[in-house]
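Encoded as structure tokens, the structure appears first; notes follow it.
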Amino acid sequence: MNLAGKKILILDDDPDYRQRLSEDLMGLGCSVLTANSPTDALESLKCLPDLLIIDVHFSQSSAFQFLISAEQLALKPPVIFLAKTLNSPDILQALRFGAKEYFEKYTLNIQQLEFAIEKILATASIKTSVINSSSHDSVYRDQLEKANRELREHLRVLERDQTAGRRVQRRLMPKGLQTQDGYRVEHEIIPSLFLSGDFIDYALIKQRYLAFYLADVSGHGASSAFVTIWLKHVVSRMVREEGLFGDYQSFEMGCSQMLQQINRELIETRIGHHLTFFVGVIDTQTRQMRYVVAGHLPLPVLIEQGKACFLEGQGKPVGLFKDARWQIYHRQLPENFALVCFSDGVLELCDKKDLEEKESDLLQKLSLSTGSLESVCNTLAINKVKDNPDDIAILSVSRSSGLLN
């Protein structure tokens, strides 16, 4: 469907976001109106926009009151709701007010929005043509049957594609790893949707260097999952063709070089996603570890003799800044230890309010764990998680002298 000339009214208090969204929509050929108050918004409705895009918390949460006023004036076009987070009460309230779509605003990309607008306006066009038709009942029935057939076909294709994507993701994940000198690596990923934007990989390279990473792709669903497949390809190519982590020099510098390469390719491809990252490599002969943190929270947790602490580290996310560089951190690991890394979805399991309290609670619980995957999952009650709002990824790297062959 061609969006040229379609009038879109944006209601959002954030001027920077409103301007950026306006430019994106104008790039699609839309005629864009904006408002930052209910009064301006009601005035703009007189221009008869084809669609409303409204922040659920517009003008101090008066978005729903505004829609009541618009409905009373018989000036309510189809509505797309935006929110900072996909909060269930807000979603239910939006659906009651006839929301056609509901998106997390800061992870929404223009391709998703374009598809949603096309679908909504096409449906609105069908309704308009039905209302204006002299053979109202017959046309409506035919159009409805056609729309239902198309919807069933779209759902069938979507389910098939999602199933195939999940199968591919699972095949790309590594199998658990155990070395002759007592190292063990395990992982678990619990997606919030059918596909996951979290990804984990690890390998023992040249029988000496144990390399591992956990990446969290921005957004959710299929587009984020596709980035994880791309990531696996890029890292595998670096290991295979460039000798990543294959010798002492790469052990020392490889973590930073790996992120620089991914950052460069991610920006060049303009995928529209960024990643938070933790990547590390252990020299299994000396127990020296080199690692890099790229915007990743919570920080990895080191468990030793019943004590748990966060590793130090900071750095920019991958895929946002063209000339970004990352500091390589050094750590001498003890003879027996467990290193546990999570994606930020694990913080949603804690009922504390702020980040500091959540992290403190996580450390306290992990101090009661051995650090093995099974122990961590039991300690955090991971297996009881249902309807998690974000993907949860867990990577456990441990060494025990009791595992020596």
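What follows is calculated from the coordinates using simple rules that are stated; it is not laboratory data. Remember, predicted model here, so these are calculated numbers, not experimental data. Methodologically, a virtual Cβ is constructed for each residue, glycine included, from the backbone with ideal geometry; neighbour enumeration extends over all protein chains shown.
Tabulated data for the structure shown
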| item | result |
| --- | --- |
| Point-to-point label distance, ASN383-GLU312, nm (Cα→Cβ direction, 7 Å offset) | 3.9 |
| Exposure proxy order (Cβ contacts within 10 Å, fewest to most) of VAL301, VAL385 | VAL385, VAL301 |
| Links that overshoot a 24 Å alpha carbon limit, given the list LYS76/LYS100; LYS7/LYS146; LYS316/LYS384; LYS105/LYS175; LYS105/LYS365 | LYS7/LYS146; LYS316/LYS384; LYS105/LYS175; LYS105/LYS365 |
| Simple label model, 7 Å out from Cα along Cβ direction - SER360 to ALA203, nm | 4.3 |
| Linear extension gain, TYR106 paired with GLU242, 0.36 nm per residue minus alpha-carbon span | 45.4 nm |
| Restricting the stretch 196-246 to trypsin sites (Lys or Arg not before Pro) in coil, as DSSP defines it, with at most 15 other Cβ within 10 Å | LYS206 |
| Net charge of neighbours whose Cβ lies under 13 Å from the Cβ of ASP361, counting Lys and Arg as +1 and Asp and Glu as -1 | -2 |
| Inter-probe distance in nm under a simple model that places probes 7 Å from Cα toward Cβ, at CYS350 and MET173 | 2.4 |
| Long-range amide H partners of VAL32 with built H, under 5 Å | ILE8 |
| Environment charge at ALA203 (Cβ cut-off 12 Å; Lys +1, Arg +1, Asp -1, Glu -1) | +4 |
| Residue order, fewest to most surrounding Cβ atoms within 10 angstrom, among ILE394, ILE190, ILE229, ILE10 | ILE229, ILE190, ILE394, ILE10 |
| Prolate/oblate/rounded label for the stretch 173-403 (Cα gyration tensor, a/c 1.5) | oblate |
| Gained length - ARG149 relative to THR286, 0.36 nm times residue gap less alpha-carbon distance | 43.0 nm |
| 3J(HN,Hα) from dihedral phi, the stretch 283-291, Karplus parametrisation 6.51/-1.76/1.60, rounded to Hz, x for glycine, proline | 7, 5, 7, 10, 6, 7, 10, 10, 8 |
| All-pairs alpha carbon distance profile, the stretch 172-299, 5 Å steps from 0, percent | 2, 10, 21, 24, 21, 13, 6, 3, 0 |
| Per-residue ³J(HN,Hα) for the stretch 51-58, Karplus 6.51 cos²θ - 1.76 cosθ + 1.60, θ = phi - 60°, Hz, x for Gly and Pro | 7, 9, 10, 9, 6, 4, 9, 4 |
| Cross-link partners of LYS322 among lysines (Cα-Cα below 22 Å; sequence separation of 8 or more within a chain) | LYS232 |
| Residue exposure sequence - ARG152, ARG399, ARG287 - by fewest surrounding Cβ within 10 Å | ARG152, ARG287, ARG399 |
